[in-house]
Every structure is written in C-alpha cells, then in structure tokens.
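This report refers to the structure that appears directly beneath it.
The values are calculated or read from the model by the stated rules, or taken from the named source; none is laboratory data. Since this is a predicted model, take the numbers as computed values, not measurements. Cβ placement follows ideal geometry from the backbone for every residue including glycine, while neighbour counts extend to all protein chains displayed. Accessible surface is based on the protein model in full, side chains and every heavy atom, while ligands, DNA and RNA are left aside. Shrake-Rupley method; radii C 1.70, N 1.55, O 1.52, S 1.80 Å.
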Amino acid sequence: MVPISNYLWVSTALFCLGVTGVLVRRNAIVIFMCIELMMNAANLAFVAFARNMRSLDGQVVVFFVMTVAAAEVAVGLAIIISIFRHHESVDIDQVDLLRG
C-alpha cells in the first residue's frame, strides 16, 4: 500500500504547478487549464484522505468539485470564445472590458 504522504506530495506538486501557471502565463486558455490542474490536485488530496480514513466523505466532495469544474469549463470557455471573437486574442493583458 502506498503511503498517504506520496499522494500528498504529488498533489502539492500539481497544485504548485497550477499556481505557477496562473501567475506566469498570459494566455487565458493556459490559465484556465492551470486552474483545472489545481482543482484536480485538490481532488487527489481528498481521495487520498478518504482512502486513508476509510470514509466516503472525501469522494463525495470530489464529486461536487468535479461538478463545479464542469460548470466552470462551460462558462469559462464561452467567455474565452467571446473574448477571442471580440479581440482576436486571448492574451489577458489586452482584455480591458471590465475596466471603468
């Protein structure tokens, strides 16, 4: 049996990669994928804890996180496509639609 610390290290590494991608990249699609990476890292930690505690609570939380991620993908991609049609770019530095 693999110890829980290995799962948590992988989860931490994935989350750090996601945070780095969000902070460094300017492409909205890449930022979007990095947010999904962070959500999956949290899911991995939830499943690892659920398995370690022999409880289904963590897996139920993962189900809700996956539902939120699916809704985020639907809304987020629609917004990104709309921005691309308006600006012909997905660079977040060029998007100033919400500035007053």
What's the total number of residues in the stretch 57-78 that are at pLDDT below 90 and open to solvent by 70 Å² or more (accessible area, probe 1.4 Å)?
2
Here the qualifying pairs (Cβ atoms under 7 Å; residues six or more apart or on different chains; first in the stretch 61-89 and assigned to a helix (DSSP H, G or I); second aromatic (F, W, Y) and open to solvent by 60 Å² or more (accessible area, probe 1.4 Å)) come out as V61/F46; V62/F46
Restricting the stretch 79-97 to residues that are charged (D, E, K, R) and within 21 Å of the chain's Cα centre (by Cα), the residue that is most open to solvent (accessible area, probe 1.4 Å)
D93
Unmet requirement for I31, which otherwise passes all of (1) crowded, with 18+ Cβ neighbours inside 10 Å; (2) in contact with a Phe, Trp or Tyr (Cβ under 9 Å, 6 or more places away or on another chain)
(2)
